[in-house]
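**Q** Below is one structure. I have some questions about it.
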Amino acid sequence: MAAFKHAQAGDTLHWLAYTPIEECFFQGDDPFFNARQTPDMLWCRIVANAPWPVLAELDAYRCVIEFQLLTTAPRAELLEQYRYVPDQVAIVEVAPLFFVIPQGDPNGGPVYEDFVADALQHLAANHLPALKQAALTMLHLSNPELWLSSALRWLLVLLEHQPQDRQALRTLIESLRSLRPPDWTAQTLAVTLEPPAEPAITPAPTPAPRGASVRACCLVQHADRHGARCHSINLLLQHI
């Protein structure tokens, strides 16, 4: 929730994956030092790129780890920090909704469906104060360790910071039916994706439809790549 509030305060959140080459130590690199110098780091973890071998076969001079970090630093600062290893770093801007991840005991019951129906009705009628009051009442009556309670707390946060985003509110409310974290990929992709630049091709002396189809094809390919990357980050954040 802290990362989401950073975004609401105007910070841009970046997910950074730093994968040193296996021979980095022989090139004078210190990946641990590089990662720790990442500016404005909110969170970091280290993962192995492959299963660890038995201790007797472990090569201490072979780097097989990846650093995954979340930071509020501008992209330019991150590129400057990793300027000597640019091919070993991937930087992706993370949409704030990706941090809206309810957690807790997924114990459910029929009362959840009643709340979902009432909440969606308030949302459709644009009665946000009534929706907020319903969420507060349900939260007061629920065990704070429940997945439901976590989702309700997130609902209140969205009502405070993004009341105009009705689709996000609806998606979060409807997630109470499955008690599974919302998949924000499609929504954030639709909002953040910008068409790529026009391909540098020489116009043929034929009607425009071919050019339009080329542009549409490029947009689809760009959306596929961006969407797959966003979906991977969304799933990863749900399991950290």
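Values in this text are rule-based calculations from the coordinates and carry no lab data. The structure displayed is predicted, hence computed values, not measured ones. Cβ sites come from the backbone with ideal geometry, for glycine too, and all protein chains shown count toward neighbours.
**Q** Provide the gained length on full extension for the span E77 to A117, in nm with one decimal, where the gain is 0.36 nm per separating residue minus the Cα-Cα distance.
**A** Fully extending the segment from E77 to A117 adds 9.8 nm.
**Q** Could you tell me the calculated FRET efficiency between C44 and A186, based on Cβ-Cβ distance and R0 = 41 angstrom, to the nearest 0.05?
**A** Calculated transfer efficiency: 0.90.
**Q** Could you give the dipole magnitude of the stretch 76-178 about its Cα centre, charging the beta-carbon of Lys and Arg +1 and that of Asp and Glu -1, in debye to the nearest 20?
**A** 240
**Q** With a 10 Å radius around each residue's Cβ, average the other Cβ atoms per peptide and rank 171-181, 78-88, highest first.
**A** The packing order, highest mean first, is 171-181, 78-88.
**Q** So, with +1 on the Cβ of K and R and -1 on the Cβ of D and E, and no other charges, what is the size of the charge dipole of the stretch 1-87 about its Cα centre, to the nearest 20 debye?
**A** So the magnitude is around 380 debye.
**Q** Taking 0.36 nm per residue of sequence separation and subtracting the Cα-Cα distance, how much length would be gained by fully extending the chain between Q8 and E93, in nm to one decimal?
**A** Answer, rounded to one decimal: 29.2 nm.
**Q** Just check the stretch 1-52 against the gyration tensor rule for me: Cα atoms, a ≥ b ≥ c as the square roots of the eigenvalues, rounded for a/c under 1.5, and otherwise prolate or oblate depending on whether a/b exceeds b/c.
**A** Prolate is the answer for the stretch 1-52, as a/c is 1.5 or above and a/b outweighs b/c.
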